[in-house]
Amino acid sequence: MMHQVYKTLPDDRPIMSISIIEDPDKCHSGFIVVSRTHDQDSDADLWREGSFFGKKWTRYICLSKTEGITDYIVESIAIINEKEVPPDGYAVIARTSDTEQKAWRKRQICYRLARRSHAASAVTDIIVLSRLKKGTKWFFSSWRNKWDDNML
């Protein structure tokens with residue numbers, strides 16, 4: 001009975017690893033692909049560019065709560081301009097994990113890992129919003145207001 005109750009609750013375990021993939025069907029074992037936007041249930045493609053000679057370029061965020069560096073969790077995420085230097089202690093996701101292509105155009109996703117026992121905070125979920133950019137009160141944004149509407 002308790003098992004059924006736990007299955008209905010949100011998974012609030014911290015994220016241990018983040019990656020970007022080109023093909024949502026090639027998400028690595030132990031990872032979950034964020035393929036739909038939270039606010040409009042539309043395609044959560046980060047690239048959002050038309051096809052080039054029949055090839056459609058796509059990028060999706062994948063996250064894992066079980067895979068990654070043992071005893072480390074994602075403490076913070078930041079989205080920065082392509083030419084910006086990542087904040088101290090942050091790693092950049094520069095390439096897709098499935099095809100080794102550029103992860104994102106015009107922007108970079110950065111994250112900071114921390115030892116689980118020393119983390120000041122923890123990222124437990126990642127959502128992608130449509131251009132409306134209106135999340136719920138339970139989510140903190142990695143956006144910066146100075147950016148234009150052509151980002152995501």
Qualifying aspartates and glutamates (Cα of each under 18 Å from Cα of Lys106; at least 8 residues distant if same chain):
Glu22, Asp45, Glu49, Glu82, Glu84, Asp148, Asp149
Residue-normalised value, i.e. accessible area per residue, for segment 66-106 at 1.4 Å probe, in Å², stands at 58
Taking a probe of 1.4 angstrom, what is the accessible area of Arg48 in Å², to the nearest 10?
80
Under a 5 Å amide H to amide H cut-off, with H placed in plane at 1.01 Å, what residues pair with Arg36 once short-range neighbours are removed?
Ala44
Taking only Cα atoms of segment 77-129, radius of gyration then Dmax in Å:
12.5, 35
Carbon and sulfur %, accessible surface of segment 23-114 computed with the full protein complex present, 1.4 Å
51
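The values are calculated or read from the model by the stated rules, or taken from the named source; none is laboratory data. Keep in mind that this is a model prediction, so the values were computed, not measured. These accessible areas exclude ligands, DNA and RNA; they are computed on the full protein's heavy atoms, side chains included. Shrake-Rupley method; radii C 1.70, N 1.55, O 1.52, S 1.80 Å.
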